[in-house]
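Visitor: Take this structure, written in structure tokens, and hold onto it; I'll ask about it next.
The values are calculated or read from the model by the stated rules, or taken from the named source; none is laboratory data. Just so you know, these numbers come straight off a predicted model, no measurement behind them. Note: ideal-geometry Cβ built from the backbone for every residue, glycine included; neighbour counts use all protein chains shown.
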Amino acid sequence: MRSRLLLCGLVAIALPALAGCGNAASSGPAAGAGGSVPTAPALRDDSPQLVLQADQLGGGFVLLTKATKPITLKHELQHEGAAARAADRRSYLGGYETGFSGNGMVVLSEAAAYREASDAAITIGDKTGLHYALKEFHAHKVKAPADSPGQDGVALVGAVPSGGRTYPLHAYMWRSGNHLGGVFVIGGGITSEQVAQYAAAQNSQYPA
């Protein structure tokens, strides 16, 4: 999944924003954000409409414009195993990523659309990409909270070193039918449960 590249490419943008943020942790997404599990096939790249928006984060966040852009197939294919690369070449319709800073943290969100749910499942389950992410961000898998959205969910806790400091990282990646999603939070006093709430807010926008 492209999530491992999302952080690699955006850390240089995101971490300077932390220096200007306060230390108060967000209480989670705005009230009323729920989850749904889509079943309809993806016929187009609707990923730009599926990533998180600032008003879903509970207030106090601003958009990182340099972190908001499409995810090309070329980038998606990096650091993947052979089966995931084949699935992406067959079925990848497109992806999108965006980032926000505020409340002492940076929130990064990504979404991707596939023609076939089976190919999306191959990509989210790619062990080569997961190993790369675990190594790159000094991370380990943790049990996903009970209310985490979607299927094939993976929760990670790690750290991002930069400028002589180390920032905590929490992440959750999942599949919802023909779509993938990922939410990554750097810094702040956030928990895996709060990251799952952000993921549920994003997942509520996915087609039913």
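Visitor: Given the condition surrounded by 24 or more Cβ atoms within 10 Å (Cβ to Cβ) and hydroxyl-bearing (Ser, Thr, Tyr), answer yes or no: does some residue in segment 171-190 qualify?
Guide: Yes, some residue in segment 171-190 is surrounded by 24 or more Cβ atoms within 10 Å (Cβ to Cβ) and hydroxyl-bearing (Ser, Thr, Tyr).
Visitor: Right, another one. Every residue in segment 146-176 that is modelled with pLDDT under 95 and in a loop (DSSP other than H, G, I, E, B), please.
Guide: Passing the criteria: 146, 147, 163, 164.
Visitor: On the given criteria, is residue 128 buried (at least 17 other Cβ atoms within 10 Å of the Cβ), in a helix (DSSP H, G or I) and not small (Gly, Ala, Ser)?
Guide: No.
Visitor: Suppose we filter segment 123-161 for residues that are without any contact (Cβ under 8 Å) to a residue 40 or more places away in the chain, among the basic types (Lys, Arg) and farther than 22 Å from residue 200 by Cα; how many remain?
Guide: Residues flagged as without any contact (Cβ under 8 Å) to a residue 40 or more places away in the chain, among the basic types (Lys, Arg) and farther than 22 Å from residue 200 by Cα within segment 123-161 amount to 1.
Visitor: Residue 159 fails exactly one of the following numbered conditions: (1) surrounded by 21 or more Cβ atoms within 10 Å (Cβ to Cβ); (2) under 25 Å from residue 101 (Cα atoms). What is the number of that condition?
Guide: So residue 159 meets the others, but not (1).
Visitor: In segment 29-72, what residues are at pLDDT 85 or above, part of a loop (DSSP other than H, G, I, E, B) and out of contact with any helix residue (DSSP H, G or I) (no Cβ under 6 Å at 6 or more places or on another chain)?
Guide: The answer is 44, 45, 46, 50, 51, 53, 57, 60, 72.
Visitor: Identify, from the list 180, 169, the residue that is within 24 Å of residue 73 (Cα to Cα) and out of contact with any Pro (no Cβ under 6 Å at 6 or more places or on another chain).
Guide: 180
Visitor: If the requirement is being out of contact with any Leu (no Cβ under 7 Å at 6 or more places or on another chain) and at pLDDT below 95, which of these qualifies: 75, 138?
Guide: Result: 138 is the single residue among 75, 138 that is out of contact with any Leu (no Cβ under 7 Å at 6 or more places or on another chain) and at pLDDT below 95.
Visitor: If residue 120 satisfies all but one of (1) assigned to a strand (DSSP E or B); (2) in contact (Cβ under 8 Å) with a residue 24 or more places away in the chain, what's the number of the condition it fails?
Guide: All conditions pass for residue 120, except number (1).
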